[in-house]
Amino acid sequence: MSEFSVPLSELVDRLGLDKVYIADNYEQTKISTVEINRPGLELTGYFEFFDNKRIQVLGNTEFAYLGRFGSEAQKMVIESIFSFGPPAVIICRHIEPTNVILESAKLHKVSIFATDENTSDLTARLVQYLNRELAPRITRHGVLVEVYGEGCLLIGDSGVGKSETAIELIKRGHRLVADDAVEILRTNVNTLIGQSPQNIRHFIELRGIGIINARQLFGMGAIKTQEKIDMVVSLELWDNTKVYDRMGLDNEVMRILGVEVPALTIPVKPGRNLAVIIEVAAMNNRQKKMGYNAAQDLLVNLGMDLSAMPAPVKTVVDTWE
């Protein structure tokens, strides 16, 4: 897992911020935390836990509070904040920055930007953008497809049939997200997003045919740039000595970047239609999330008391960090 940062210049372009003052270090400044700060206690002179890596956001409340002070008191507070060297200051509602703010920005090389948005809207967009760009991430071998709205991550040894299964799923109306390499991002404590590295996006390798471009061959409806990972499907060659799950009562999960994702193993052998099986697995996974478990329903129909049965066992089959 790698640590990421976002160039300040890229953030400004993506959010469409207006440039009020650009410091000399603007092109070299990088944002490395998803946290932002609206100065509150700092305006009263309390800096015990001030984090100078955070972007500072100023709005009506902050300017109204500063307006209660004289010019010297304002200068002292502003100088204190800017002296810590925050990466940037964003002023909302296109409020005109005071001369004190501009002078402090120039002195301490802090870029200032403006937007006509209110602080709540700007903060929401800013945090959403940073959450995605700075999300912990790993890249693993596999295929990610969207099947009936469920993100299915197919893993397994090379040559087991992951790409061929993805092609069949595309032909059946589902969408390809990534083939061969899947970049996995943890955007919050319980959500994983999968996408393809930019340089191989939409390409699929098929042994005997070579490289194809799914977007060019099947159209825009056959691809998707990213998708939430809802389940992991491990494809493996059929092993007659192995006992495969036939009921689905126990819960197998795969722990990826600290997030537990439902997992199942599908044995592969001639005659099995993997695309159809994965379609059913996706629909069944959705039903389980909505509270219905077919295996438990069957046991109830057979007259068995579920409360007297052992609780389902959760097994972590693998961990990716």
Checklist entry - About the Cα centre of segment 1-83, what is the dipole size in debye to 20, counting +1 per Lys and Arg Cβ and -1 per Asp and Glu Cβ, all else neutral? => result 180 debye
Item to check | Residue with peak Gaussian network fluctuation, the chain [Cα springs, cutoff 10 Å], from Thr119, Thr61, Thr187 | outcome: Thr61
Checklist entry - So who's got an amide H within less than 5 Å of the one on Arg38, skipping anything under 5 residues away but keeping other chains? H placed 1.01 Å off N, in plane. => result Val57
Checklist entry - At what distance in nm do the modelled label points of Phe50 and Asp239 sit from each other, each positioned 7 Å from its Cα along Cα→Cβ? => result 6.0 nm
Next on the checklist: Report for the chain the percent antiparallel among DSSP-assigned beta bridges with both residues inside it, nearest 5.
Outcome noted: 60 percent
Checklist entry - What is the distance in Å between the Cα centres of segment 98-144 and segment 168-216? => result 29 Å
Checklist outcome for this item: Expressed per residue, the solvent accessible area of the chain in Å² (1.4 Å probe) is about 53 Å²
Next on the checklist: As an exercise, use a Förster radius of 35 Å and the Cβ-Cβ distance of Val313 and Arg132 to find the FRET efficiency, rounded to the nearest 0.05.
Outcome noted: 0.50
Item to check | Apportionment of accessible area to carbon and sulfur, the chain, percent (1.4 Å) | outcome: 50 percent
Checklist entry - How big, in percent, is the set of alpha carbon pairs in the chain lying more than 28 Å apart? => result 55 percent
Checklist entry - Counting Lys and Arg as +1 and Asp and Glu as -1, each charge on the Cβ, what is the dipole of the chain about the Cα centre in debye, to the nearest 20? => result 560 debye
Next on the checklist: Among 141-151, 17-27, 286-296, how do they line up by average Cβ neighbours within 10 Å per residue, starting with the highest?
Outcome noted: 141-151, 17-27, 286-296
Checklist entry - Which value in nm describes the separation of the simple spin-label points at Met76 and Leu298, placed 7 Å from the Cα toward the beta carbon? => result 7.6 nm
Item to check | Extension gain (nm, one decimal) between Arg93 and Tyr148, 0.36 nm per residue minus Cα-Cα | outcome: 15.6 nm
Checklist entry - Once you charge only the Cβ atoms, +1 for Lys and Arg and -1 for Asp and Glu, what is the size of the charge dipole of segment 241-300 about its Cα centre, to the nearest 20 debye? => result 160 debye
Checklist entry - For segment 216-226, in order, what is each residue's ³J(HN,Hα) by Karplus, 6.51 cos²θ - 1.76 cosθ + 1.60 with θ = phi - 60°, in whole Hz (x at glycine and Pro)? => result 6, 7, 10, x, 5, x, 9, 10, 8, 6, 7
Checklist entry - What number comes out for the charge environment of Asp116, summing +1 per Lys or Arg and -1 per Asp or Glu over other residues with Cβ under 11 Å away? => result -2
Checklist outcome for this item: The long-range amide H neighbours of Ala88, using H built 1.01 Å from N in the peptide plane and a cut-off of under 5 Å, are Gln56
Checklist entry - So for the pair Leu41, Asp116, with labels modelled 7 Å out along Cα→Cβ, what separation do we get in nm? => result 3.7 nm
Item to check | DSSP-loop chymotrypsin sites (Phe, Trp or Tyr not before Pro) across segment 54-90, with at most 15 other Cβ within 10 angstrom | outcome: Phe69
Checklist entry - Leaving out ligands, DNA and RNA but keeping every protein chain, what accessible area does Arg172 have, in Å² rounded to the nearest 10, with a 1.4 Å probe? => result 110 Å²
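The values are calculated or read from the model by the stated rules, or taken from the named source; none is laboratory data. Computed from a predicted model, the values in this text were never measured in an experiment. No Cβ is skipped: glycine too gets one built from the backbone with ideal geometry, and neighbour counts run over all protein chains shown. Heavy atoms of the whole protein, side chains included, go into the accessibility calculation; ligands, DNA and RNA do not. Shrake-Rupley method; radii C 1.70, N 1.55, O 1.52, S 1.80 Å.
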